[in-house]
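To start, the structure itself, in structure tokens.
FYI, it's all coordinate maths here, none of it is from the lab. Nothing here was measured: the structure is a model prediction, and the numbers come from that model. Note that we place each Cβ from the backbone using ideal geometry, even for glycine, and neighbour counts take in every protein chain shown.
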Amino acid sequence: MSSTPSGVALGIDVGGTKVLGVAVDEAGDIVARILEPTPQPPRPDHGASLADVVASVVHRLSEQQGVPLRQTPLGVGLPGMMRRDGILVFAPNLPSASGIDLAALLEPRLGGIRAVVANDADCAALAEHRFGAAAGHDSVVMITLGTGIGGGILIDGQLVRGGSGFAGEVGHMVLDVAGPLCPCGSRGCWERFASGSGLGRLAREAAMAGRLRLVVDAAGGDPEAVRGEHVTGAALDGDPEALALLDEVGWWLARGIANLVCVLDPSCVVVGGGMTDAAGFLVDSARRHLGGLLEAGELRTAVTVLSAFFGADAGAVGAALLAREAS
Ligand SMILES: [Zn+2]
């Protein structure tokens, strides 16, 4: 680990709607944060507007903290398939940035500084392992639930990147070959069932079939207007039908986790991402279902399933830590 004069590292998490920048101290605590909307350029601009926003957040954090950029580790997490050479090959939730080399775009905007770029879920996994829910575990799978499902894997305390850099694209494990179509082109991907969009889809199906009366009321009476947040809101009020639907989604979460456990045998699975209200229900439900879905479940050491410690900040914190460890 490098020692910078201040001990501060900067991390940026680029999401589909928000750019979060944090300054992190040596203990992994956030000492400053800046949130900006992700630019949505009207036409492809090859990442220029995104690089402008990220560079502006970096400069402001550096000035606030009084840390010169040249002596401060800087990491950026991006939402998509990151090749080992730093190209963001495919970013379904940030199409305008697909194909860009963000580190190269940032370099002239940051006075020649080269940022460390990585997949956002890999960053989140690192944060949870170093200072969060998975501290003390050597083999960890991090799952981020949002519009889709992201994944990060650590084996023996090291991030697993894979041959090209694409390891951990867990959301596109196929769980039902005859299932609903996924934007990736396959059918029945895990994220069609156990993500925010999966929850919304299953809820609308249930509503159209005459279930979820209170949830439909909350959505203004139109079954097609039902969203995941309506289900979570009704569940928080104790509606048994909403709770049953979240348990169904929790079963799908456990089903995918069981597949990952078959391959990777982690001692700990951390569930994070943006679905903060629903995540508590889903994690409880997945915990209940997991043992029964595992090969020789009764003979295994129990796999610990935990909610993320850093919540929605994990990607930004992990980007800072990754840069610190790389410097
Ligand atoms: Zn897919």
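Quick look at the numbers
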quantity	calculated
Cα-based shape type of the stretch 75-179, given that a ≥ b ≥ c are square roots of the gyration tensor eigenvalues and the cut on a/c is 1.5	oblate
Axial C-alpha extent at least 24 Å, average Kyte-Doolittle at least 0.0 - helices from the chain (DSSP)	48-65, 240-264, 276-293
C-alpha center-to-center spacing [the stretch 217-253, the stretch 1-60] in angstrom	34 Å
For 82, 173, 142, order by how many other beta-carbon atoms lie within 10 Å, fewest first	173, 82, 142
FRET efficiency, 1/(1 + (r/R0)^6) with R0 22 Å, evaluated for residue 277 and residue 184 via beta carbons	0.25
Label-point separation, residue 71 to residue 225 (7 Å along Cα→Cβ), nm	5.8 nm
Cα centroid of the stretch 257-324 to Cα centroid of the stretch 82-115, whole Å	28 Å
Rounded to 5, the percent of DSSP beta bridges in the chain classed as antiparallel	60 percent
Cα shape, the stretch 260-327, gyration tensor, a/c 1.5 rule	oblate
DSSP beta bridges in the stretch 136-308 [antiparallel fraction, %, rounded to 5]	50 percent
Nearest-20 debye value, the chain charge dipole, Cβ charges on Lys, Arg, Asp, Glu	560 debye
Relative contact order [Cα under 8 Å, 6+ residues apart], the stretch 136-308, whole percent	22 percent
Footprinting exposure proxy for 184, 262, 189 (fewest neighbouring C-beta atoms within 10 Å first)	262, 184, 189
Set of the stretch 120-156 residues, backbone N closer than 17 Å to the point 7 Å along the Cα-Cβ line of residue 26	131
Order of 252, 190 - criterion: other Cβ atoms within 10 Å of each residue's Cβ, fewest first	252, 190
Global form of the stretch 205-319, assessed from the alpha-carbon gyration tensor, a/c cut-off 1.5	oblate
